[in-house]
1. Roughly what % of DSSP beta bridges within the protein assembly as shown run antiparallel, to the nearest 5?
2. What percent do you get for the relative contact order of chain B when only Cα pairs under 8 Å and 6+ apart count?
3. Taking R0 as 51 Å, what FRET efficiency do you get between A:Gln152 and D:Ala329 from their Cβ-Cβ distance, rounded to the nearest 0.05?
4. Calculate one ³J(HN,Hα) per residue across region C:151-158 by plugging θ = phi - 60° into the Karplus curve 6.51 cos²θ - 1.76 cosθ + 1.60, and present them in order as whole Hz with x for glycine and proline.
5. Pairing the Cα long axis of helix B:11-23 with the longest principal axis of chain B, what angle in degrees results, from 0 to 90 and rounded to the nearest 10?
6. What's the average, rounded to a whole number, of partner chain beta-carbon atoms within 10 Å of each residue's beta-carbon in D:210-217?
7. Points 7 angstrom from Cα along the Cβ direction at B:Thr6 and D:Gln84: gap in nanometres?
8. Send over the Kirkwood Rh of region B:1-128, from the inverse of the averaged 1/r over different Cα pairs, rounded to one decimal Å.
There are 4 protein chains.
Amino acid sequence: MIIVMTRYAQDEQIQAVVDKIRAAGLSEHVSRGTERTIIGAVGDERVFSPDAFALLPGVERAMRVVREYRIVSREVHPADSVVQVRGLSIGGPAIHVIAGPAAVETPEQMALSAQMVRQHGGKLLRGGAFKPRTSPYAFQGVGVEGLEILQQEARRQGLPMVSELLDVRLLDTFLEYDVDVIEIGARNMQNVGLLKEVGRINKPVILKRGPSSSLSEWLMAAEYIAAGGNHNIIFCERGVRSFETSYRNMLDLSAIAVMKRETHLPVIVDPSHAAGKAWMVPALAKAALAAGADGLMLDIHPDPANAWCDGEQALNPGEFALLMQQLSALATTLGRSLA
Amino acid sequence: MIIVMTRYAQDEQIQAVVDKIRAAGLSEHVSRGTERTIIGAVGDERVFSPDAFALLPGVERAMRVVREYRIVSREVHPADSVVQVRGLSIGGPAIHVIAGPAAVETPEQMALSAQMVRQHGGKLLRGGAFKPRTSPYAFQGVGVEGLEILQQEARRQGLPMVSELLDVRLLDTFLEYDVDVIEIGARNMQNVGLLKEVGRINKPVILKRGPSSSLSEWLMAAEYIAAGGNHNIIFCERGVRSFETSYRNMLDLSAIAVMKRETHLPVIVDPSHAAGKAWMVPALAKAALAAGADGLMLDIHPDPANAWCDGEQALNPGEFALLMQQLSALATTLGRSLA
Amino acid sequence: MIIVMTRYAQDEQIQAVVDKIRAAGLSEHVSRGTERTIIGAVGDERVFSPDAFALLPGVERAMRVVREYRIVSREVHPADSVVQVRGLSIGGPAIHVIAGPAAVETPEQMALSAQMVRQHGGKLLRGGAFKPRTSPYAFQGVGVEGLEILQQEARRQGLPMVSELLDVRLLDTFLEYDVDVIEIGARNMQNVGLLKEVGRINKPVILKRGPSSSLSEWLMAAEYIAAGGNHNIIFCERGVRSFETSYRNMLDLSAIAVMKRETHLPVIVDPSHAAGKAWMVPALAKAALAAGADGLMLDIHPDPANAWCDGEQALNPGEFALLMQQLSALATTLGRSLA
Amino acid sequence: MIIVMTRYAQDEQIQAVVDKIRAAGLSEHVSRGTERTIIGAVGDERVFSPDAFALLPGVERAMRVVREYRIVSREVHPADSVVQVRGLSIGGPAIHVIAGPAAVETPEQMALSAQMVRQHGGKLLRGGAFKPRTSPYAFQGVGVEGLEILQQEARRQGLPMVSELLDVRLLDTFLEYDVDVIEIGARNMQNVGLLKEVGRINKPVILKRGPSSSLSEWLMAAEYIAAGGNHNIIFCERGVRSFETSYRNMLDLSAIAVMKRETHLPVIVDPSHAAGKAWMVPALAKAALAAGADGLMLDIHPDPANAWCDGEQALNPGEFALLMQQLSALATTLGRSLA
């Protein structure tokens, strides 16, 4: 912890800071500058919060020196971690594409979707059985039956399955249907109860970034999961809220560069939810790979114009096929491969 | 729904839009302009989403004309609604101050806090038993015991009690301890499972605005609660995420003006979480009243420097007493009163 | 300057930082913690930028300790400064209302506007002769003739005049027409050439905050003016860009609290440009006073529906009259007065 | 223009809107729906602003149907435009890299920089002679002498030169030194005087996006230049302001996809100013190409640790050489080439 005193801080105010540091079992280092006195707390600064100092008279501000996240931090664990999903190694040299419709609708729709994914080189099948919607009057997903349909078509094509868990009370159902990767959506990134529960299981978790989460908050949300014992975490960037209205969210590819430096865990990108429009997805998908993403999560649909949900952002079979070819060439150029 | 065609849209593309409108049982109104053809769908536009049209060839964009929220909308219910809490009428002419510490710590701290609130004119006592924290290593609240302490001191001072519900599995416990007003925090504004559950009870709910929620999303979140049958909803603005770092969140008082026009339900303001710093709270609290807020939620603490959580933003007894005097005079000038 | 080394920084890397500090004539203070070594540079840290250190091997980050603004800083000049405009003292106990139409249109419109301002207690008359517009096809202002009309009507009513200077080449014209207060608009907040020029004259300057400027950038922009010798600066908050679409800009009243603490200069608020809609202006104007603003800048028009520019945000005579009464009562309650 | 009436709008209110439309020489199209009446204005809607209607009683909102930008719009000019710079075709199949130091320092530094650019495949040399700085106490550029140095080294290596014009009064000087491409920086994107002046010359202009400009505002700023007769405009995305602090600006690559669809003019990306840190630049540069950029503007320096300005974001010779190799391979995979 570094504590910066105000310009006119008095000796007894400096002493009060020192006393507080010592009371917590740390030692201090006082540097009297020409305009400011700066005090460093030497020892494990996590025992107190900067707030505890900021309130003391004569203190201008207090800031941590050490990152608050530990298990997910690359500083502590320099080598890349790989998350295993039914024989797939996510976070290794191969880039993985997770694809499927935003919502499971019918067995036929999922059968066609699963075939699309498999045929064109996707490695995991996604489908939402429970949908987080802004409006209570919008389609909320087909429910448990959707998990059953998803499981059946995923197994038929030999693809691991991915689905979003909205409610902690449904975790047992997800385990029962043996969902291979549990997705925590953007709106739930700081749903602490949910994070703690998925921290207790040993299924891989995709943790989407909240709509306006800082990277540090995102890493801390992952730390909640990791602290429970589950280190199989995949980060997924999906765009953040912005003032621009020509797309749904602003895809933050700078975040990929930072996250790959800050954490040893895999980082993937969902360009579909960022764009909100299918015509924008190929450009963003390619950019995401070039920025260093370990995988992509893509909205596809056998017939987007008749999708029950988010059809505007789903790639149709032809668009998906073409994009997968381009991604494959791109992966090679980047020294990786499309798994 | 209004559908704007692209400049060079062809007749069969226009016809396809018309067919889709008719297929849903609505009728169309086609306006051929000099540069664009515009098609209006006449009837209940809620049967389809703009997406359904945006995907059709020749369509530039499609937009709703009618608001998606209904029950909470002032358009449908022009008169102000008042939420009753143990004899208090929130949303009427009187302005209510809810105050208390961010976290329940000990019986002594809550006894002092409850006295502070009562003595200086606060009307409801708040205290967090379960705390949503960014870090898994930070203090998470004292838990159920906190509800017991809160209840005891609230009852002793004759103040209704307010506490944040983080997890749907704790709702029964909240009902058991007879929490008078259930707070849904900013991080849970779109936790659909939680919204639906508090929609099924008949306790008043404070719904905080999400850290980057649009006003329309906030109203839709309330509509989730209202659609379940619980219309006792109080909106609470607490600042939104911004690029500025000298305070925690940017308090959006323009939102008060818009919300008071869009909804008949009460709207209050939490200046403490917006500011993150106690010295800023009085200015923001007064501004909130002047902007038209129906109440305030304030962080106070008998001894902020030793608070277990968020001490930097808590008013101490002297600061709280002074602010309450100022607010009272201000309320009178504004043609209201401090309840 | 504080330089935080990475966890595994080596001794020679620490030494390189120390050498760089000494080379600039400062001395260092090295604090070796359990997880990080922190180095403080003692002396005038303004001789180098944090960049110079951030690039050195083994450095995690470098940050300034001292604010970069000096002349405008309250730290250096604790007492409030008052800006004199033709006998008015802006920044003193009295609150001043500057009002007028967004654009000067005709002598008749300005005559009516100036009467409105004077009659209802406004103290300065504003009017734009040159308008910054997003579109090159929109009305750009009537030009120099507008200054003549503005001057004539302002003098007739005995009101000081305020007008926006868009282009450095027009400064002489503004001085010729003796514009009493020169407004630098939000789009020009970092137009360094313009800032430097108005720094060389001795006319009061209203410096609007840029659409997404941090408070620190805003203070630095003022420092450009002040560094040239002109200390007659009035800050004007007018809302910042946000994701919310129900108003034009998000009015940042937290900024008022921070600015009044950081600078000794007056701070006023323009609620009209923030709102973009006249019905929202009274709530925001009152909130601004309650937050501590030293004045307001209001869009008014004798006939908003026929205004040539920004009519939607202009108060009509009745709305303005009513608001001024409310503001007067409010000012008194706040311990100030409406000048 | 589409005018949406409020739910309870009366017939005479609808008639007033119709009258206003007819008074401007357009005709109307009235569609009475179940919940709203919608009125379309048929004809050139640019004759009035939505404001003119929004103010009328009974009107809920009014919105344009047609884009306000024309000359720069792909709708009007479907084929890609190519900007010629001394024989280079920017916006064609080849991707161009503009590189150089943020600031011109000395003849030696520029000689080394120009060699670096030429040797590794950069096609244009940039260097700032006048620097827009947040602080008046920071290095402001070497001034006119910098243009001379830049010109000399650019000519020696046969590279066209690019430099930022901050002040309209320096335009003649830029023409005198025959600066090949004039850069308008982010802070000046809406400096209307400057835009109009560069609209009158026939030099190519790089127009950077403002720090929080919407894409529509950016296109309108270009329209100012184009309306003056200069159609040689190159857009340059450089990141927007955000809440995230681990990089300088949030690079908006979604903007590339939208801009390439909305305008026929070339779009390039400056990853260096977005990142603010050299280690992040290669990932962002590659992502920009993959997203469809027509070129890049890169900060390089022969010795970043001793740069006078922005050294933290400059690539050193080794980093630049490696990146250029990667970009070349990437361009080929994308079906383009590095010019």
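Here, each number is a calculation from the coordinates, and none is a lab measurement. Predicted model only: the values in this text are computed from it and were never measured. Positions of Cβ are backbone-derived with ideal geometry, glycine not excepted, and every protein chain shown enters the neighbour counts.
1. The answer is about 40 percent antiparallel.
2. Averaging sequence separation for qualifying contacts and normalising by length gives 16 percent for chain B.
3. Efficiency for this residue pair is about 0.75.
4. With the stated coefficients, region C:151-158 comes to 4, 4, 6, 5, 5, 4, 8, x Hz.
5. Between helix and principal axis, roughly 60 degrees.
6. Partner Cβ neighbours, averaged per residue: 6.
7. 3.1
8. 19.3
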